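Step one of this worksheet: look at the structure below.
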Amino acid sequence: MKIVLSGIKPSGELNIGGYGGALHQFLALQQQQFECLFFVPDLHAVTVAQDPNVLRKRTMDIAAYYIAAGIDPKKATIFIQSHVSAHAELGWLMETQAHFGELSRMTQFKEKSNGKDTVSSALFTYPVLMAADILLYQATHVPVGDDQKQHLEMTRDLAARFNQRFRPVFTVPEPIIQQLGSRIMSLDDPAKKMSKSNPNANSYILFQDSPEVIHKKIAKAVTDSEGVVRCDWAHKPAVSNLIEIYAVFADESVETIESRYKGVGYGAFKRDLADVIAAKLQPIQRRYSEIVESDELIRILKDGAVKAAETANRTLLQAKQAMGFVTWAQ
Ligand code: TYM
């Protein structure tokens, strides 16, 4: 049985990076013979300061966007992480297996703590909670963007270490990182990942952006002086990034796009790219606004949490028994 688990943190407005690395893959996997679990990792969001009201809204927003983008609650289990307490509990147990040294090598921690006077200890141990998220469901496959690769490697190490030290409890998961869309870069600087934490709002496109805003941001996106629509990450990273975004949003190959724009300048290419993105986002925005305040969404998330907790509690019990905790029949 193939089991897929993944999630998007409710720590900022959703941008199209999350579509490329995550949602686009979730939708493809849901069509295949996988059991899918998609969750909202709210416990991860609080590793940095969050306004409680904003966190509440963003958590529901991410869940609504999953469904609006096409995740089918009849096919996939959709839930909020903090509704399944086994995540926090297994997270603690796995911390006993993680080494300070390996956590210190996590590049995301280095980036996020860089220049800050204080950071929470949860930000440091965050990859262990992520491992617990995955291992609780015996996930075989985890679709993520390229920036999560190191966390997935750590998950695999922790699972193998636990299995060897105690007994085989956890499935060692495989990451799924697509060639296209797993590294969507900033529109103002192709050396930086597209991220909602960038102070320049023109560097990213949000799920909620109107067609006008999308056109404005794409028009401002950096290119180069060659004037040729050609994918070449080494020499033309900015244009290559735009071509990849186009490919992901239009579900077309890079070659098709390159040949369509042969002999055409960046202006027409950019206008079409903005149209392609807007055409994908508009129906998602409509469906999102129908569902976000609905009882239907609450019911989906409640059902999802009950279903997820069954599996999660079973794995947690096995892990506790393996470690030597006193567990009476429950
Ligand atoms: P998060 O919330 O930062 O990002 C969600 C997903 O989107 C991908 N992503 C991108 N992909 C391509 N280009 C970008 N610019 C871009 N920005 C984000 C991320 O790689 C990710 O797949 N730790 C995770 C959340 C998490 C998780 C998990 C994921 C917690 N537990 C268990 C999978 C399984 C995170 O912070 O993703």
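The values are calculated or read from the model by the stated rules, or taken from the named source; none is laboratory data. Keep in mind it's a predicted model, so treat the numbers as computed, not measured. Ideal geometry is used to build each Cβ from the backbone, glycine not excepted, and the neighbour counts take in all protein chains shown. Protein only, heavy atoms only, side chains kept; ligands, DNA and RNA dropped before computing areas. Shrake-Rupley method; radii C 1.70, N 1.55, O 1.52, S 1.80 Å.
Could you compute how fast the range 201-289 diffuses translationally, taking Rh as the Kirkwood radius over C-alpha pairs and applying Stokes-Einstein at 4 °C with viscosity 1.567 mPa s? Give it in µm² per second.
Rounded, D is 97 µm²/s.
Can you tell me the orientation of helix 52-69 relative to the chain, as the angle in degrees between its alpha-carbon axis and the longest Cα principal axis, to the nearest 10?
Tilt of helix 52-69: around 70 degrees.
Under 14 Å from a label point 7 Å along Cα→Cβ of residue 113: give me every residue in the range 127-168 with its amide N that close.
127-128
For the chain, take the longest principal axis of its alpha carbons; what is the angle in degrees between that and the long axis of helix 295-323, to the nearest 10 within 0 to 90?
It is inclined by approximately 50 degrees.
Per the 1.4 Å probe, what fraction of the accessible area of the range 214-265, in percent, lies on carbon and sulfur atoms?
With neighbouring chains kept in place, the figure for the range 214-265 is 54 percent.
Normalised radius of gyration for the range 38-103, please: alpha carbon Rg relative to 2.2 N^0.38 Å, two decimal places.
1.34
If amide H atoms are built 1.01 Å from N in the plane of the peptide, which residues on other chains or at least 5 residues away come under 5 Å of the amide H of residue 40?
79, 80, 81
Can you tell me what the convex hull of the Cα atoms of the chain projects to on average, as an area in nm²?
If you wrap the Cα atoms of the chain in a convex hull and average its projections, you get 17.9 nm².
Counting only heavy atoms of the protein chains, get the accessible area per residue of the chain (1.4 Å probe) and round it to a whole Å² value.
Heavy-atom SASA per residue in the chain reads 47 Å².
What relative contact order, as a whole-number percentage, does the range 201-289 give when Cα pairs under 8 Å and 6 or more residues apart are counted?
34
Taking the full set of protein chains and a 1.4 angstrom probe, give the accessible area of residue 82 in square angstrom, rounded to the nearest 10.
Roughly 60 Å² of residue 82 is accessible to a 1.4 Å probe.
Return one number: the angle in degrees, 0 to 90 and rounded to the nearest 10, between the long axis of the Cα atoms of helix 86-95 and the longest principal axis of the Cα atoms of the chain.
Tilt of helix 86-95: around 80 degrees.
With springs only between Cα atoms under 10 Å apart, run a GNM on the chain and tell me which of 272, 251, 42 wobbles the most.
Largest GNM mean-square fluctuation: 251.
Using a 1.4 angstrom probe on heavy atoms only, work out the carbon and sulfur share of the accessible area of the range 1-132 in %.
On the way: 3110 of 5620 Å².
C and S fraction of accessible area: 55 percent.
Mind checking which of 169, 48, 128 has the largest fluctuation in a GNM of the chain, springs on alpha carbons under 10 Å?
Of 169, 48, 128, the Gaussian network model singles out 48 as fluctuating most.
If you average the sequence gap of Cα pairs under 8 Å that are 6 or more apart and divide by the length of the chain, what percent do you get for the contact order?
Working: 520 pairs, mean separation 73.7, N = 330.
Value for the chain: 22 percent.
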